[in-house]
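J.: Before I ask anything, here is the structure I am working with.
The values are calculated or read from the model by the stated rules, or taken from the named source; none is laboratory data. On a predicted model such as this, the values are computed, not experimentally measured, just so you know. Virtual Cβ from ideal backbone geometry, glycine too; neighbours counted across all protein chains shown. Heavy atoms of the whole protein, side chains included, go into the accessibility calculation; ligands, DNA and RNA do not. Shrake-Rupley method; radii C 1.70, N 1.55, O 1.52, S 1.80 Å.
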Amino acid sequence: MATDHADSPVARRHFLGSVAGAAATSFAQTGAMRPNIIYIHSHDSGRYLQPYGHAVPAPNLQRLANEGVLFRQAFNAAPTCSPSRASLLTGMCPHSNGMFGLAHRGFVLNDYKQHILHTLRPAGYNSALFGVQHVARNPETIGYDKAQTFQGNHVEQVSAAAAEFLKSSPKTPFFLDIGFQETHREFRKPGPHEDARFCLPPAPIPDTPQTRQDIAAFKATARVMDEGVGLVLKTLENAGLAANTLVISTTDHGIAFPAMKCNLTDHGMGVSLIMRGHGGFSGGKVSDAMVSHIDLFPTICDLLRIERPSWLQGKSLLPLMTGAAAEVNEEIFAEVNYHAAYEPKRAVRTKRWKYIRHFDARTKPNLPNCDDSPSKSLWLDYGWRDRRVDPEQLFDLMFDPNETRNVAADPAQRSTLDEMRGRLDRWMRATHDLILKGPIVAPKGATANDPDGISPRDQPHTL
């Protein structure tokens, strides 16, 4: 299989030798041996942005895509905030790195030394954080050389502070973590460019005046978020740093609408991912290869010619850029454990199929794990609370891309169901998933909502 060959030890050594030589020459031409890295991320944006064809103007992200590489089939390792970010930054799935829930609710990494900045530091990297990080209650726990957060961590404050850092002739190479609260709810008020009369709600949501107004507010928030990206990119160029900086733009999970964020369909797992810089991440290319957030850590290691830590679970994306491989993953995995409430579930995705398994006894929606919104209120008014949730779900992504027709009980798909069950089981055993031994136990003092509740704003209980 091409994927296994491309990532085999022998093939990888040969491949990295050629990439390393090209990279070293390229870095030398810019006067630096290793590039700066900017990880710039939004909250709850999914792929509902202009570069992915949606009517959500984001001209600065579009420009980044025009100059870099847009990954159309990028996925998180968990469609919930802290576990998603922690997986990207450690190169491991949540049940391996320990981030089973939200940091502000008391969940933590097993070892903060597994954060990527601690691998980059021995290679000479200075690290700085501006805004949202959401993998620790206190950013000092992580170990940044400089960390600055703000009340609300909104675009206007965060982008301005990051721009000042770039203007200050920072010590290079640097790893700069820029996190925007946007496009998390509550959304901004729509302006004249977000006229709800001419908006279309996201795919899982019915088209009504109520939901059109909701998506108009999302578009207004995305516009402000994109302006923050633009300020960072402009300042990077004016400071003369753009040519030797790898920019990674992404988000944590799907947008905060029902059946999206915190769900293991592509509406929750699918994320924007745009990269620009050394290693072939240039030229306005589009990649349809399935990639995961956990692939970014090994990609950076290979690009910088530094040893990969032993715990990494992802694959380098560099073979995609050189043409050495058309795919690096034949399957992608994701999970949910705790969000506002406990909702243990796992998923495996191939190019054709998605399989989701729930590990609790619930057969109704876990409503606290959906943010309050006009769209949620509409669904509740029409009886969402009593809709059935199947414990096993199998979707044919070719004929059912919105994952609405569960064919797990279809006798004609029994062999596919068995295959996808096997893929998930092998991964869970190989990664020592604790859910195989029973319910996931939260850290002492963590908080969670009652799964039978309605809103994440209801009073949580201490676990």
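J.: Just want the answer: with Cβ charges of +1 for Lys and Arg and -1 for Asp and Glu, which residue in Ile178, Pro35, Leu233 is farthest toward the dipole's positive end in the chain?
T.: Of Ile178, Pro35, Leu233, it is Pro35.
J.: Amide H of Leu273 versus every other amide H placed in the peptide plane: which residues, excluding those fewer than 5 positions away on the same chain, fall under 5 Å?
T.: Long-range HN contacts for Leu273: Phe71.
J.: Also, quick follow-up: Can you list residues whose amide H is under 5 Å from Ser292's amide H, if they're 5+ apart or on another chain and H is modeled 1.01 Å from N?
T.: Close amide H contacts, sequence-distant or interchain: Phe75.
J.: Given +1 on the Cβ of Lys and Arg, -1 on the Cβ of Asp and Glu, and no further charges, what dipole in debye does region 149-249 carry about its Cα centre, rounded to the nearest 20?
T.: 60 debye
J.: Using a 1.4 Å probe, what is the accessible area per residue for the chain, in Å²?
T.: Ligands and nucleic acids excluded, the result is 40 Å² per residue.
J.: Taking the Cα centre of the chain as origin, sum charge times position over the Cβ atoms of Lys and Arg (+1) and Asp and Glu (-1), and report the length of that vector in debye to the nearest 20.
T.: For the chain, the charge dipole is close to 580 debye.
J.: Which one of Leu102, His432, Asn244 is farthest out on the positive end of the charge dipole of the chain, using unit charges on Cβ (Lys, Arg +1; Asp, Glu -1) and the Cα centre as origin?
T.: Value: Asn244.
J.: Rolling a 1.4 angstrom probe over the protein chains, ignoring ligands and nucleic acids, what is the accessible area of Leu241 in square angstrom, nearest 10?
T.: 30 Å²
J.: Give me the dipole magnitude in Debye, nearest 20, for region 278-420 about the Cα centre, with unit charges on the beta carbon: positive for Lys and Arg, negative for Asp and Glu.
T.: Around 80 debye, computed over region 278-420.
J.: Something else: Restricting to the chain, compute how many DSSP beta bridges are antiparallel as a %, nearest 5.
T.: Given both bridge residues lie in the chain, the antiparallel proportion sits at roughly 50 percent.
J.: Projecting each Cα onto the charge dipole of region 341-382 (Lys/Arg +1, Asp/Glu -1 at the beta carbon, about the Cα centre), which of Phe359, Tyr382, Ala341 comes out farthest on the positive side?
T.: Most positive-ward Cα: Phe359.
J.: Asp410's amide H: which non-local residues (gap 5+, or another chain) put their own amide H closer than 5 Å, with H modeled 1.01 Å from N in plane and none for Pro or chain starts?
T.: Close amide H contacts, sequence-distant or interchain: none at all.
J.: In a shell of Cβ-Cβ distance under 15 Å around Ile454, excluding Ile454 itself, what net charge do Lys and Arg (+1) and Asp and Glu (-1) give?
T.: The answer is -2.
J.: If you don't mind, there's one more thing I want to ask. Measure off, as a whole percent, the carbon and sulfur share of the 1.4 Å-probe accessible area of the chain, all protein chains present.
T.: Here carbon and sulfur together make up 52 percent of the probe-accessible area.
J.: Here is a further query. Could you give the distance between the Cα centres of region 256-286 and region 405-424, to the whole Å?
T.: 27 Å
J.: Okay, next question. Provide the per-residue ³J(HN,Hα) series for region 222-239, in order, calculated from phi with Karplus coefficients 6.51, -1.76, 1.60 and θ = phi - 60°, each as a whole number of Hz, with x at glycine and proline positions.
T.: Values, residue by residue: 5, 4, 5, 4, 5, 5, x, 4, x, 5, 5, 5, 5, 5, 4, 5, 5, 7 Hz.
J.: Oh, and also: Where Lys and Arg each count +1 and Asp and Glu each count -1, what net charge lies around Pro35 among other residues with Cβ under 12 Å from its Cβ?
T.: Here the count lands on +3.
J.: Further question on the same structure: For region 353-359, just list the computed ³J(HN,Hα) in residue order, Karplus coefficients 6.51, -1.76 and 1.60, θ = phi - 60°, integers in Hz, with x standing in for Gly and Pro.
T.: Going residue by residue, I get 10, 10, 10, 10, 10, 9, 10 Hz, with x marking Gly and Pro.
J.: Nearest 5 percent is fine: what portion of the DSSP beta bridges confined to region 306-460 is antiparallel?
T.: 95 percent
J.: Among Lys315/Lys345; Lys364/Lys437; Lys113/Lys234; Lys146/Lys189; Lys113/Lys376, which pairs are too far apart, with a Cα-Cα distance over 28 Å?
T.: Lys113/Lys234; Lys146/Lys189; Lys113/Lys376
J.: While we're on this one: Using r as the Cβ-Cβ distance of Arg385 and Glu164, and R0 as 41 Å, what FRET efficiency do you calculate, to the nearest 0.05?
T.: For Arg385 and Glu164, the calculated efficiency is 0.30.
J.: Residue by residue through region 368-373, which ³J(HN,Hα) values in whole Hz follow from phi under the Karplus form 6.51 cos²θ - 1.76 cosθ + 1.60 (θ = phi - 60°), with glycine and proline marked x?
T.: x, 8, 10, 4, 5, 5
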